[in-house]
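The structure appears right after this line, and notes come after that.
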Amino acid sequence: MNSGQSGRATLIQRPNTLKSKVGSGGNLTPEMRSAADRAMGSLAGDYPALALADINRMVHVLQAAKESAEKAGEAFQAIHRIAHDMRGQGGSFGYPLMTRIAASLSLLAEHARRHDAEMLGVVRAHLEAMRAIIVNRTTGDGDATAQQIVRGLDLAARKVKG
């Protein structure tokens with residue numbers, strides 16, 4: 001504190017303009033909800049193609065990791081980011097199995113300490129399962145076989161993480 005100041009603080013209050021930017025006092029109107037539902041509905045139709053593009057990106061990145069040990073760390077970071085995003089999308093568009101597998105893959109890629117053939121194989125298995133879900137349009141929780149595959153992927157991921 002400078003010797004010439006009294007030690008008192010001055011409170012500056014700024015106007016809160018957020019409420020005016022949100023509109024309707026921050027409450028969703030029926031019209032706003034309807035517009036959001038329509039937007040989600042149109043995106044839901046695009047989801048399989050978008051998810052398949054993300055899966056293909058991860059397959060490409062995985063191939064780079066196989067070809068160059070120096071690039072493996074970067075590749076796993078990229079896989080983590082993409083899978084993390086997909087984890088949030090699956091359930092929103094009616095693909096909860098995709099969410100579960102993407103969550104497993106995201107954690108696996110994030111915490112991978114090694115990038116050997118076994119690890120790469122488990123990542124590949126996740127990607128193949130994700131592709132099968134999209135190609136077969138497996139919405140909902142899937143059947144008993146799908147549930148068994150998800151459990152197997154989780155087990156394999158835990159095993160290779162150590």
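Structure summary
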| read-out | value |
| --- | --- |
| Contour excess over end-to-end distance, with Cα ends at residue 60 and residue 8 and 0.36 nm allotted per residue | 12.6 nm |
| Label point distance in nm, residue 118-residue 50, each placed 7 Å from Cα along Cα→Cβ | 3.7 |
| Label point distance in nm, residue 81-residue 131, each placed 7 Å from Cα along Cα→Cβ | 2.3 |
| Those aspartates and glutamates that a straight Cα-Cα span of less than 14 Å connects to residue 66, excepting residues fewer than 8 apart in one chain | 74, 116, 118 |
| Estimated Rh, the range 49-161: Kirkwood, alpha-carbon pairs, angstrom | 13.7 |
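Bear in mind these aren't lab numbers, they're just calculated from the coordinates by the rules spelled out. On a predicted model such as this, the values are computed, not experimentally measured, just so you know. All Cβ positions, even for glycine, are placed from backbone atoms using ideal geometry, and neighbour counts span all protein chains on display.
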